[in-house]
1. For the stretch 173-223, compute the orientation-averaged projected area of the C-alpha convex hull (one quarter of its surface), in nm².
2. Return the subset of K77/K175; K77/K217; K81/K116; K21/K105; K77/K107 for which the Cα-Cα distance in this structure is over 20 Å, preserving the input order.
3. Just to be sure I understand: with springs between alpha-carbon atoms less than 10 Å apart, which residue in V194, V129, V155 has the highest mean-square fluctuation in the Gaussian network model of the chain?
4. 5 Å is the cut-off here: which amide hydrogens, built 1.01 Å from N in the peptide plane, fall below it relative to M166, excluding neighbours closer than 5 in sequence?
5. Only bridges whose two residues both fall in the chain count here: according to DSSP, what percent of them are antiparallel, nearest 5?
6. Using θ = phi - 60° and the Karplus form 6.51 cos²θ - 1.76 cosθ + 1.60, what ³J(HN,Hα) does each residue of the stretch 160-170 get, whole Hz, x for Gly and Pro?
7. Grab the eigenvalues of the alpha-carbon gyration tensor for the chain, scale each by 5, take roots, and send me the semi-axes largest first in whole angstrom.
8. Provide the per residue accessible area, probe 1.4 Å, for the chain, rounded to a whole number of square angstrom.
Amino acid sequence: MNNKHIAFIPARQGSVGLKHKNRLFFDNTANFLDKVDIFDEVLVSSDDCEVISCAKKRNYLTHNRKPALSGSSVSIKSVLKNVIVEMNIDPEIYIWLFYLPILYKDKADFISTMSKITRHKIESLCSFVPAKSHPFNCWMHTNGIGLQQYIENDVFRRQDLPKAWMHHHYLCAFKAGCIDDLNSELINASTFPVFLDRGVADNLVEVDTPEDFDEWKRIIGDK
(Lines give C-alpha, C1' and ligand atoms only; values in the text may rest on other atoms or scores of the structure.)
Protein backbone atom coordinates (compact mmCIF):
# COMPACT_ATOMS: atom_id res chain seq x y z
CA MET A 1 0.00 0.00 0.00
CA ASN A 2 1.38 3.41 -0.98
CA ASN A 3 -1.00 5.31 1.26
CA LYS A 4 -0.86 5.34 5.02
CA HIS A 5 -3.87 3.96 6.90
CA ILE A 6 -4.87 5.11 10.39
CA ALA A 7 -7.41 3.31 12.58
CA PHE A 8 -9.41 5.99 14.37
CA ILE A 9 -11.24 5.28 17.65
CA PRO A 10 -13.65 7.94 18.95
CA ALA A 11 -14.32 7.31 22.63
CA ARG A 12 -16.09 10.10 24.46
CA GLN A 13 -16.75 9.67 28.19
CA GLY A 14 -20.47 10.43 28.32
CA SER A 15 -22.93 7.64 27.58
CA VAL A 16 -26.64 7.66 28.26
CA GLY A 17 -27.76 4.11 27.46
CA LEU A 18 -24.85 2.10 28.87
CA LYS A 19 -22.59 3.91 31.33
CA HIS A 20 -18.88 3.98 30.42
CA LYS A 21 -19.49 1.72 27.43
CA ASN A 22 -16.34 2.99 25.67
CA ARG A 23 -14.21 1.99 28.66
CA LEU A 24 -15.98 -1.34 28.73
CA PHE A 25 -15.43 -2.13 25.04
CA PHE A 26 -12.06 -0.46 24.40
CA ASP A 27 -10.01 -3.64 24.76
CA ASN A 28 -12.25 -5.54 22.34
CA THR A 29 -11.35 -3.21 19.47
CA ALA A 30 -7.77 -2.62 20.61
CA ASN A 31 -7.06 -6.36 20.77
CA PHE A 32 -8.47 -6.77 17.27
CA LEU A 33 -6.36 -3.92 15.85
CA ASP A 34 -3.19 -5.21 17.50
CA LYS A 35 -3.84 -8.69 16.13
CA VAL A 36 -4.88 -7.72 12.60
CA ASP A 37 -1.75 -5.55 12.19
CA ILE A 38 -2.72 -3.87 8.90
CA PHE A 39 -2.88 -0.25 10.06
CA ASP A 40 0.10 2.09 10.24
CA GLU A 41 -1.16 3.84 13.37
CA VAL A 42 -4.05 3.72 15.83
CA LEU A 43 -5.40 7.09 16.93
CA VAL A 44 -7.74 7.51 19.89
CA SER A 45 -9.72 10.70 20.48
CA SER A 46 -11.33 10.99 23.90
CA ASP A 47 -12.24 13.27 26.78
CA ASP A 48 -11.91 10.31 29.16
CA CYS A 49 -8.54 10.15 30.94
CA GLU A 50 -8.98 6.42 31.59
CA VAL A 51 -9.40 5.67 27.88
CA ILE A 52 -6.45 7.92 26.99
CA SER A 53 -4.33 6.08 29.57
CA CYS A 54 -5.29 2.70 28.09
CA ALA A 55 -4.42 3.96 24.60
CA LYS A 56 -1.01 5.24 25.67
CA LYS A 57 -0.18 1.88 27.27
CA ARG A 58 -0.63 0.36 23.81
CA ASN A 59 1.54 3.08 22.21
CA TYR A 60 -1.40 4.52 20.28
CA LEU A 61 -1.56 8.12 19.17
CA THR A 62 -3.92 10.11 21.40
CA HIS A 63 -6.01 13.24 20.95
CA ASN A 64 -7.54 15.03 23.91
CA ARG A 65 -11.02 15.96 22.79
CA LYS A 66 -12.45 19.30 23.83
CA PRO A 67 -15.66 19.34 25.93
CA ALA A 68 -17.44 21.21 23.12
CA LEU A 69 -16.86 18.20 20.84
CA SER A 70 -17.73 15.55 23.42
CA GLY A 71 -21.51 15.87 23.57
CA SER A 72 -24.01 13.36 22.24
CA SER A 73 -25.30 15.84 19.63
CA VAL A 74 -21.88 16.40 18.01
CA SER A 75 -21.42 14.65 14.65
CA ILE A 76 -18.50 12.34 14.01
CA LYS A 77 -17.59 14.57 11.06
CA SER A 78 -17.13 17.54 13.40
CA VAL A 79 -14.93 15.45 15.67
CA LEU A 80 -12.81 14.21 12.79
CA LYS A 81 -12.39 17.64 11.22
CA ASN A 82 -10.99 18.87 14.52
CA VAL A 83 -8.70 15.84 14.86
CA ILE A 84 -7.37 16.22 11.31
CA VAL A 85 -6.47 19.86 11.95
CA GLU A 86 -5.04 19.47 15.45
CA MET A 87 -3.08 16.29 14.64
CA ASN A 88 -1.95 17.73 11.29
CA ILE A 89 -3.03 14.62 9.38
CA ASP A 90 -1.87 14.55 5.76
CA PRO A 91 -4.75 14.83 3.23
CA GLU A 92 -3.63 11.61 1.50
CA ILE A 93 -3.85 9.48 4.64
CA TYR A 94 -6.82 7.12 4.93
CA ILE A 95 -8.76 7.25 8.18
CA TRP A 96 -10.72 4.15 9.22
CA LEU A 97 -13.52 4.66 11.71
CA PHE A 98 -13.86 2.17 14.57
CA TYR A 99 -16.91 2.67 16.77
CA LEU A 100 -16.28 0.77 20.01
CA PRO A 101 -19.92 -0.40 20.46
CA ILE A 102 -19.65 -2.39 17.20
CA LEU A 103 -18.15 -5.52 18.76
CA TYR A 104 -18.16 -7.85 15.74
CA LYS A 105 -15.06 -7.69 13.53
CA ASP A 106 -13.72 -10.10 10.92
CA LYS A 107 -10.10 -9.63 9.82
CA ALA A 108 -10.88 -10.85 6.29
CA ASP A 109 -13.45 -8.08 5.80
CA PHE A 110 -10.90 -5.37 6.57
CA ILE A 111 -8.12 -6.91 4.50
CA SER A 112 -10.33 -7.35 1.43
CA THR A 113 -11.79 -3.85 1.81
CA MET A 114 -8.36 -2.26 2.13
CA SER A 115 -7.32 -3.97 -1.11
CA LYS A 116 -10.35 -2.45 -2.85
CA ILE A 117 -9.03 1.03 -2.05
CA THR A 118 -5.94 0.40 -4.17
CA ARG A 119 -7.74 -1.40 -6.99
CA HIS A 120 -10.53 1.14 -7.41
CA LYS A 121 -8.69 4.33 -6.30
CA ILE A 122 -11.36 4.88 -3.68
CA GLU A 123 -11.46 8.14 -1.73
CA SER A 124 -14.25 7.12 0.65
CA LEU A 125 -16.10 3.90 1.38
CA CYS A 126 -18.77 2.62 3.71
CA SER A 127 -20.45 -0.71 4.28
CA PHE A 128 -24.17 -1.22 3.69
CA VAL A 129 -26.56 -3.84 5.04
CA PRO A 130 -30.00 -4.90 3.75
CA ALA A 131 -32.66 -2.49 5.02
CA LYS A 132 -34.89 -3.98 7.69
CA SER A 133 -37.79 -1.68 6.74
CA HIS A 134 -38.21 -0.75 3.11
CA PRO A 135 -38.55 3.02 2.56
CA PHE A 136 -41.46 2.42 0.16
CA ASN A 137 -43.40 1.01 3.11
CA CYS A 138 -42.71 3.91 5.49
CA TRP A 139 -45.23 6.63 6.31
CA MET A 140 -45.30 9.79 8.42
CA HIS A 141 -48.26 11.22 10.28
CA THR A 142 -48.72 14.95 10.84
CA ASN A 143 -51.58 16.51 12.79
CA GLY A 144 -53.83 18.37 10.39
CA ILE A 145 -52.37 16.62 7.34
CA GLY A 146 -52.70 12.95 8.18
CA LEU A 147 -50.75 10.13 6.57
CA GLN A 148 -48.11 10.77 3.95
CA GLN A 149 -45.68 8.39 2.26
CA TYR A 150 -42.02 9.23 2.72
CA ILE A 151 -41.52 8.09 -0.89
CA GLU A 152 -44.65 8.22 -3.02
CA ASN A 153 -45.29 4.88 -4.72
CA ASP A 154 -48.01 2.32 -5.42
CA VAL A 155 -45.96 -0.86 -5.19
CA PHE A 156 -48.02 -3.59 -3.55
CA ARG A 157 -46.01 -6.77 -4.16
CA ARG A 158 -42.94 -7.44 -2.02
CA GLN A 159 -41.03 -8.86 -4.98
CA ASP A 160 -41.44 -5.57 -6.87
CA LEU A 161 -39.71 -3.47 -4.23
CA PRO A 162 -36.29 -2.22 -5.40
CA LYS A 163 -33.39 -3.32 -3.22
CA ALA A 164 -32.87 -1.01 -0.27
CA TRP A 165 -29.71 -0.68 1.82
CA MET A 166 -28.80 1.02 5.10
CA HIS A 167 -25.33 2.41 5.69
CA HIS A 168 -23.40 0.88 8.58
CA HIS A 169 -20.06 2.04 9.93
CA TYR A 170 -18.69 -1.47 10.40
CA LEU A 171 -16.44 -0.64 7.44
CA CYS A 172 -15.82 3.06 6.93
CA ALA A 173 -12.73 4.76 5.51
CA PHE A 174 -11.89 7.96 3.68
CA LYS A 175 -8.99 10.17 2.69
CA ALA A 176 -8.46 12.89 5.26
CA GLY A 177 -8.49 15.50 2.51
CA CYS A 178 -12.04 14.50 1.53
CA ILE A 179 -13.67 15.23 4.89
CA ASP A 180 -15.35 18.46 3.72
CA ASP A 181 -17.06 16.62 0.85
CA LEU A 182 -18.69 14.04 3.14
CA ASN A 183 -21.94 14.43 5.04
CA SER A 184 -22.27 14.08 8.81
CA GLU A 185 -22.32 10.27 8.46
CA LEU A 186 -19.11 10.37 6.35
CA ILE A 187 -20.87 9.50 3.08
CA ASN A 188 -21.46 11.24 -0.25
CA ALA A 189 -22.71 10.25 -3.71
CA SER A 190 -19.21 9.07 -4.70
CA THR A 191 -18.68 6.87 -1.63
CA PHE A 192 -17.78 3.31 -2.64
CA PRO A 193 -20.43 0.95 -1.21
CA VAL A 194 -19.36 -2.35 0.37
CA PHE A 195 -22.51 -4.47 0.45
CA LEU A 196 -22.66 -6.95 3.33
CA ASP A 197 -24.82 -10.04 3.27
CA ARG A 198 -27.50 -10.79 5.84
CA GLY A 199 -25.21 -13.24 7.67
CA VAL A 200 -22.71 -10.50 8.50
CA ALA A 201 -25.44 -7.91 9.08
CA ASP A 202 -27.05 -10.10 11.76
CA ASN A 203 -23.81 -9.93 13.78
CA LEU A 204 -23.64 -6.14 13.73
CA VAL A 205 -25.34 -5.30 16.99
CA GLU A 206 -24.36 -1.81 18.15
CA VAL A 207 -24.26 -2.07 21.93
CA ASP A 208 -25.72 1.18 23.25
CA THR A 209 -27.97 -0.20 26.00
CA PRO A 210 -27.92 -3.13 28.45
CA GLU A 211 -30.54 -4.80 26.24
CA ASP A 212 -28.20 -4.52 23.23
CA PHE A 213 -25.44 -6.11 25.29
CA ASP A 214 -27.73 -9.00 26.19
CA GLU A 215 -28.58 -9.44 22.51
CA TRP A 216 -24.89 -9.49 21.60
CA LYS A 217 -24.15 -12.12 24.25
CA ARG A 218 -27.05 -14.19 22.91
CA ILE A 219 -25.64 -14.03 19.37
CA ILE A 220 -22.18 -15.07 20.58
CA GLY A 221 -23.72 -17.88 22.60
CA ASP A 222 -25.60 -19.20 19.57
CA LYS A 223 -22.45 -19.53 17.46
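The values are calculated or read from the model by the stated rules, or taken from the named source; none is laboratory data. Given the structure is predicted, the values throughout are model-derived calculations rather than measurements. Areas reflect the complete protein model, heavy atoms only, side chains present, ligands, DNA and RNA absent. Shrake-Rupley method; radii C 1.70, N 1.55, O 1.52, S 1.80 Å.
1. In nm², the orientation-averaged hull projection of the stretch 173-223 is 5.1.
2. K77/K217; K81/K116; K77/K107
3. Most flexible of the set in this elastic network: V155.
4. V129, A131
5. Of those bridges, close to 45 percent are antiparallel.
6. 8, 5, x, 4, 10, 10, 10, 6, 8, 7, 4
7. Over the Cα atoms of the chain, the semi-axes work out to 31, 21, 20 Å.
8. On the way: 12470 Å² over 223 residues.
Here the per-residue accessible area is 56 Å².
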